[in-house]
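The values are calculated or read from the model by the stated rules, or taken from the named source; none is laboratory data. What you see is a predicted model; the values in this text were computed from it and never measured. Quick reminder, even Gly has a Cβ in these numbers, built from the backbone with ideal geometry, and neighbours come from all protein chains shown.
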Amino acid sequence: MLKAVRLITTLTATLIAMWCPSLTAAQTPAPALAPPPAPQNPSPMVEHTRVHERLTPRDLGGAKRTFAGPMGKPAELWVPDRARASDSLDLVIHFLGAAWLPEQAVAGLTYPTVATVVNLGAGSGIYDRAFSDPSVFDSLVASVTREVRAATGKAPHFRRVVLVGFSAGHGAVRAILRDPRHFARIDAVLLLDGMHTSYVPESTPLAAGATLDTTNLVAFANFARAAVRGEKRFLVTHSEIFPGTFASTTETADWLLGALGLHRTPVLRWGPRGTQQLSEAHAGRFELLGFAGNSAPDHIDQVHAMPELLAQLLGQ
């Protein structure tokens, strides 16, 4: 696009010089402004080496309910049939994505688990802003409790509360964890290729001398430290995608490991859904997995790997 703008500007100036030779330099129209930088520079790569296996929707039974969630957007709840016979349940709250994917993920867990899915829009900022008021998360959990009671006929006791953030959905997770009361209540977090932050200066990559804006990463570092101590469970995954105008999940993962004093171990093995794992780091109940791929399918791979990754997070 920038090249096209420059070409049009050059042609315009040439035509003016040809048809209006008396036009002075001061009268020459100013060059057109360059378009603002894109919010992301998507990789043009397409590769066909890996399978990029995809799950498909299937009937899981149970009860599905929809209720008004944050920002008035519909939130979706799935309650498996076996939840009706249990006095204690795990609660998984997933941010960003089709509801049937986390539903399949929790269906395969050993412990009876209900799934709630929240979709608010594009970009992590909208998720962060929606949950910046701690009462919003309180209201969400209260609504889930009410809907589970309506589906099962009894008030649920949530043994564990688990947050899952895919891509931009991580914005909700970091906002929730910033509140000390909610930090204490959350038992486990799964981030699927979605721990991002800005560069300082903005849109300037590290190779050009920028640094990371760590403001959005502090809550994750605190939760990771608690996981290292064995108090929480935290699993972070990332691809090799380089957005260009904001920090990649690889760069934020490197920062997180540095904050924890941990180092990656290189590996080369097949992961779930045709993914290819390249690195890992472990300490206590904290785990970070790095996967190959710099294309859109590699990003989507990780949310389709949720059944295996969620089970790994929860030790099942």
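Points to keep in mind about this one:
- Contact map, segment 261-275: first residue under 19 Å from ASP301 (Cα atoms), second residue modelled with pLDDT under 95 and of a type in the set (A, V, I, L, M, F, W, C), Cβ cut-off under 8 Å, separation 6 or more or different chains; pairs are ARG273/VAL51; GLY274/VAL51.
- Segment 276-310, residues that are among the hydrophobic types (A, V, I, L, M, F, W, C), touching a helix residue (DSSP H, G or I) at 6+ places or on another chain (Cβ under 8 Å) and outside any strand (DSSP E or B): ALA292, VAL303, ALA305, MET306, LEU309, LEU310
- Given (1) among the small types (Gly, Ala, Ser); (2) at pLDDT 95 or above; (3) surrounded by 13 or more Cβ atoms within 10 Å (Cβ to Cβ); (4) in a loop (DSSP other than H, G, I, E, B), index of the condition SER43 fails: (2)
- For ALA142, the conditions (1) closer than 29 Å to SER86 by Cβ; (2) crowded, with 18+ Cβ neighbours inside 10 Å are fulfilled apart from (2).
- Count of segment 145-195 residues, restricted to those that are in a strand (DSSP E or B) and either buried (at least 20 other Cβ atoms within 10 Å of the Cβ) or of a type outside the set (Lys, Arg) (or both), is 13.
- Cross-chain or 6+ apart pairs with Cβ under 6 Å, segment 79-103 first and free of Cβ contacts under 8 Å to residues at least 60 places away in the same chain and more than 20 Å from ALA188 (Cα to Cα), then hydroxyl-bearing (Ser, Thr, Tyr) and in a loop (DSSP other than H, G, I, E, B): none
- Hits in segment 100-126 (condition: of a type in the set (Gly, Ala, Ser), farther than 19 Å from ALA142 by Cα and surrounded by 21 or more Cβ atoms within 10 Å (Cβ to Cβ)): ALA105, SER124
- Among (1) within 23 Å of ALA221 (Cα to Cα); (2) free of Cβ contacts under 8 Å to residues at least 24 places away in the same chain - the single one GLU240 does not satisfy: (2)
- Residue check, PHE246 under 29 Å from THR113 (Cα atoms) and surrounded by 20 or more Cβ atoms within 10 Å (Cβ to Cβ): no
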